[in-house]
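The values are calculated or read from the model by the stated rules, or taken from the named source; none is laboratory data. Every value quoted in this text rests on a predicted model; they were computed, and no experiment measured them. When we count neighbours, we look across all protein chains shown, and the Cβ atoms used for this are built from the backbone with ideal geometry, even at glycine. Ligands, DNA and RNA are stripped out before the accessible areas are found, and what is left, the full protein with its side chains, is counted by its heavy atoms. Shrake-Rupley method; radii C 1.70, N 1.55, O 1.52, S 1.80 Å.
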Amino acid sequence: MLARAARGTGALLLKGLNILIPVLDRIRYVQSLKEIVINVPEQSAVTLDNVTLQIDGVLYLRIMDPYKASYGVEDPEYAVTQLAQTTMRSELGKLSLDKVFRERESLNASIVDAINQAADCWGIRCLRYEIKDIHVPPRVKESMQMQVEAERRKRATVLESEGTRESAINVAEGKKQAQILASEAEKAEQINQAAGEASAVLAKAKAKAEAIRILAAALTQHNGDAAASLTVAEQYVSAFSKLAKDSNTILLPSNPGDVTSMVAQAMGVYGALTKAPVPEVQDSVSRRSSRDVRSTDASLDEELDRVKLS
C-alpha cells in the first residue's frame, strides 16, 4: 500500500480515483504504509562504570500519517535512526556493564518510548527496537571471564562446604541415634537380666524352702534320724573325696576313716541347734564327739610342731 502526496495542492491521494491537473499537480512523495525495518549502525557508548561498548540494533517502524511523514521531516528514516542512536547512548550511560546484559528488555522498551515521543509529530510510530550485538573490549572481556570463573569456584567451594557440613551433621546425628539406641538396649538388657536374676533367686528360695519343709517333715517321721545320719555320711564322703583337688595343704582329723564319729558330731550339732534330745545315743555321741575333738586338736598341734621343726 502506497500513499502519495501531491505537490502544489498539498492534498493527500487516497485509495480510489484521484484527479490531478498536470499543469498544477504532480506526485512529490511516495510513502509506504507497511512496517519498515531499519538497521541501526554500530556505535560507541560509555556505561555508568566507564566501559566503552560497541553496540548496534534493529528498528521496526510504521508510517501512521503520510502527510506528516512527508512534510514534517526531510528524511524520516534518517531522523529516526539518529534518534535511536542518541537515545541508546543516553540509556546506556545510566546503566553499569553488568546491568546492560541483564536489562536488555527494559533498555529496548526505554528506547521505543523515547523514539515514539519524539517521532509523533513526524507521523511515524516505532513498534519495537532490538539490540543485535554488544561488543566488549578484549581486556574487559578477559576480566569478565575471570570474574565468571571466580564466581563458579566460589559456588563450588560453598557447595562443597555445605555438603561437608550436611555430611558431618548426618554422621553426628547417626552416632547420636546409635548411642541412644545402644543405651536403651543396654538398659532393657539390664532390666531383663535383673528380672531374670530376681526370678531365679525367688525360684531358688522357694525350692529351698520347699526342700526344708519336706526335710523337716521327713525328720519328724519314723526313722528320720537314721535318714539324716545317712545324708550326713554321704556328704562327708563326697567332701572328703574333694579335699586334695583344690589345694596342696589340707587338714585331716586323727581318724579320717571314722565316718561314725563325723556323723555323731553332725547329729550333735543338729541336736544342739534344734534343742531336741537324741534318744539313747546322745550321751555316747557326746562322749565320742569330745574325744574326737580332743584327738583332733592333739593331732593338729603335732602337725604344727612338725611344720615348725622342718
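Given VAL148, VAL158, VAL171, which one is at pLDDT below 90, part of a helix (DSSP H, G or I) and open to solvent by less than 90 Å² (accessible area, probe 1.4 Å)?
Just a single option satisfies the conditions, and that option is VAL148.
For segment 28-48: of the residues being surrounded by 12 or more Cβ atoms within 10 Å (Cβ to Cβ) and more than 22 Å from LYS132 (Cα to Cα), which is modelled with the highest pLDDT?
Checked segment 28-48; the qualifying residue modelled with the highest pLDDT is LEU33.
Rundown of residues vs (1) under 60 Å from the mean Cα position of the chain (by Cα); (2) in a helix (DSSP H, G or I); (3) surrounded by 20 or more Cβ atoms within 10 Å (Cβ to Cβ), yes/no style:
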| position | (1), (2), (3) |
| --- | --- |
| VAL58 | yes, no, no |
| LYS94 | yes, no, no |
| ALA109 | yes, yes, no |
| ASP120 | no, yes, no |
| ARG128 | yes, no, no |
| ILE134 | yes, no, no |
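What is the number of the single condition among (1) assigned to a loop (DSSP other than H, G, I, E, B); (2) modelled with pLDDT under 85 that TYR67 does not meet?
(1)
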